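The values are calculated or read from the model by the stated rules, or taken from the named source; none is laboratory data. If you're wondering where the values come from, they're calculated on a predicted model, not measured in any experiment. Cβ placement follows ideal geometry from the backbone for every residue including glycine, while neighbour counts extend to all protein chains displayed.
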Amino acid sequence: MNEQFLIRDDQPMPPAGEVVTTSSRRERSYSIHVTADEDSALQTLTDAIGGRQVSVVTDHIVDNLHAARIAAALTSRGVPVRSMAVPAGEQSKSLQMACRLLDWLARSDAGRRDVLLAIGGGVVIDTAGWVASAYMRGIPYINVPTTLLAQVDAAIGGKVAVDHWIAKNLIGSFYEPEAVVSCVGYLATLDARQVRAGLAEVIKKAIIASPPLFSFIERHLGPLLALDPAALRSLVHAASSIKCVLVARDPYETDLRRTLNFGHTVGHAVETATGHGPVLHGEAVACGMAVATRIACARGLLGGQTAARIVGLLGAAGLPLSLSELALEPPAGDVIAALAKIRQVRAGSLRFVLPTELGSALIADDVTEDEICAALYDRAMTAVAGGPGQFSTVAGGPGQFSTVAGGPGQFSTVAGGPGQFSGVRA
Ligand SMILES: NC(=O)c1ccc[n+]([C@@H]2O[C@H](COP(=O)([O-])OP(=O)(O)OC[C@H]3O[C@@H](n4cnc5c(N)ncnc54)[C@H](O)[C@@H]3O)[C@@H](O)[C@H]2O)c1
Ligand SMILES: [Zn+2]
């Protein structure tokens, strides 16, 4: 049926010389659905797609393991699907690959009403999200993260980017997905090392923002590493919810004092000193968290028992706690040199997030080279993780959650635009 619209407008002439102001950000909320089984994921996905055409972007490994099956299931549900798989790995997160994807979308007549579906790890999600932000000035996209890191981190927050040879994530924007569907069942095919690296980013969130999540990981570490679906679902749900709260406080990262950077100062230096590759990001961050924890403890900011719990949990999760435990051990001098470079880029300031107790941290920019060197190797606190439940009844601020593994079904949480949560990121 043809519809006709008559639009009538009668805007007044504005007074001459007056400043014109406009609202430039169109914020909206989106849902993050965490499921344990593929059937619920597919149902949620079909509902979110809502009859639109779908362009799937994935990588070759994920295509073979999951994405081709997901595409076929959507097709059988009547959703029109076209797919493109890129080679797996960080090298696909490039402007050249983004151009190939844009070319593919244009040639296949993808329209503004179509939806892009990113199925894969952080590489696919960052690249596809950036392509979605650029194609026709922005088309909707939905994330189906398939690594633990992507489910708890990359798929949430709308930071989309490709790498440039000068720096990682140099070309990007903030462009939020329309929905995120995290099925923990997809993690069953993931390499154990990738699982541990993803877990490092969850432990980070627990240390800076959620004592109950920390206790949960301590109590369920065995099932989590064995990829128990109920334990994973609780973990991904909680981590997603906490990330949403922390991101919503400062969605465009205007405040540099982000506790989310815990472990990342030394972590980035380790990645630089090892040439971005042999050491996974989560492993470098774990080492960075152990170093920052030791510095906090040596300064008397953090009690020995809590420090032992933090380092103990990282160690029990099989994560590296010092340079000598990394897959490739960089000379300490190279790490210090990389830190000096970071300090130079940041106008002389090297910020460390130092935990003061579970759920609270201090941002310090006066940490000395001697303190860092002492903490890079110190193994004194590699103690066994403390008993569970110590913090189980902390009063709920934003980010509190239930650690009880739910029955069948699915969790969902809503990521808000700014203003939904008050407060300033510490
Ligand atoms: N946008 C953000 O906020 C944000 C946050 C954190 C990280 N990142 C980015 O994420 C990227 C790293 O993400 P990643 O660790 O997911 O890496 P990745 O996407 O390269 O995935 C790691 C490997 O696992 C494979 N894989 C994915 N899912 C699998 C599955 N279910 N089973 C078996 N293999 C599977 C992939 O093919 C790849 O080989 C980096 O580029 C980083 O910059 C972005
Ligand atoms: Zn990180």
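Observations on the model:
- Filter result (within 16 Å of ligand 2 (Cβ to nearest atom) and touching a residue at least 40 places away in the same chain (Cβ under 8 Å)) within segment 96-129: GLY121, VAL123, ASP126
- Verdict on PRO355 being assigned to a strand (DSSP E or B) and under 28 Å from ALA192 (Cβ atoms): yes
- Within segment 130-162, being within 15 Å of ligand 2 (Cβ to nearest atom) and either not in a helix (DSSP H, G or I) or not assigned by TED's automatic domain parsing to the domain that holds ILE49 (or both) holds for PRO145, THR147, ALA155, ILE156, GLY157, LYS159, ALA161.
- Filter result (farther than 18 Å from ARG193 by Cβ and more than 10 Å from ligand 2 (Cβ to nearest atom)) within segment 254-291: THR254, ASP255, LEU256, ARG257, ARG258, THR259, THR265, VAL266, ALA269, THR272, ALA273, VAL291
- Matching residues, segment 36-56, being β-branched (Val, Ile, Thr), assigned to a helix (DSSP H, G or I) and touching a residue at least 60 places away in the same chain (Cβ under 8 Å): THR44, ILE49
- Filter pass, GLY78 being assigned by TED's automatic domain parsing to the domain that holds PRO145, farther than 24 Å from LYS159 by Cβ and not in a strand (DSSP E or B): yes
- Filter result (basic (Lys, Arg) and part of a helix (DSSP H, G or I)) within segment 291-336: ARG294, ARG309
- Restricted to segment 103-142, and to residues there that are among the acidic types (Asp, Glu) and farther than 16 Å from ALA179 by Cβ, the residue that is nearest to ligand 1 (Cβ to nearest atom) is ASP126.
- Among all residues of segment 105-116, there is none that is of a type in the set (Ser, Thr, Tyr), over 14 Å from ALA67 (Cβ atoms) and in contact with a Gly (Cβ under 7 Å, 6 or more places away or on another chain).
- When the residues of segment 253-285 are filtered to those that are surrounded by fewer than 18 Cβ atoms within 10 Å (Cβ to Cβ) and closer than 22 Å to SER360 by Cα, the one that is nearest to ligand 1 (Cβ to nearest atom) is GLU253.
- Scan of segment 273-296 for residues that are touching a Pro at 6+ places or on another chain (Cβ under 9 Å) and either touching a residue at least 60 places away in the same chain (Cβ under 8 Å) or aliphatic (A, V, I, L, M) (or both), ordered by number: ALA273, VAL279, GLU283, ALA284, ALA286, MET289, ALA290, ALA292, THR293, ALA296
- Checked against (1) of a type in the set (S, T, N, Q); (2) surrounded by fewer than 20 Cβ atoms within 10 Å (Cβ to Cβ); (3) within 11 Å of ligand 1 (Cβ to nearest atom), THR147 passes all but a single condition, namely (2).
- In segment 164-193, the qualifying residues are those that are among the polar types (S, T, N, Q) and in contact with a helix residue (DSSP H, G or I) (Cβ under 7 Å, 6 or more places away or on another chain), and the one that is nearest to ALA284 (Cα to Cα) is THR189.
- Filter result (touching a strand residue (DSSP E or B) at 6+ places or on another chain (Cβ under 9 Å) and either of a type in the set (Lys, Arg) or on the phi > 0 side of the Ramachandran plot (or both)) within segment 205-241: ARG233
- If you go through segment 57-75 and keep only what is part of a helix (DSSP H, G or I), within 16 Å of ligand 1 (Cβ to nearest atom) and crowded, with 19+ Cβ neighbours inside 10 Å, you end up with VAL62, ASP63, HIS66, ALA67, ILE70, ALA71.
- Helices (runs of 4 or more DSSP H) within segment 178-279 that include 3 or more residues in contact with a Phe, Trp or Tyr (Cβ under 9 Å, 6 or more places away or on another chain): 192-209, 211-225, 229-248
- Sub-8 Å Cβ pairs linking a first residue in segment 152-176 that is free of Cβ contacts under 8 Å to residues at least 40 places away in the same chain to a second residue that is away from ligand 2 (no atom under 16 Å from the Cβ) and of a type in the set (Lys, Arg), at least 6 apart or interchain, number zero.
- Meets criteria (buried (at least 20 other Cβ atoms within 10 Å of the Cβ), in a helix (DSSP H, G or I) and not hydrophobic (A, V, I, L, M, F, W, C)) for GLY288: yes
- Condition broken by GLY300, with the remaining ones in (1) more than 13 Å from PRO330 (Cβ to Cβ); (2) more than 16 Å from ligand 2 (Cβ to nearest atom); (3) surrounded by 23 or more Cβ atoms within 10 Å (Cβ to Cβ) satisfied: (3)
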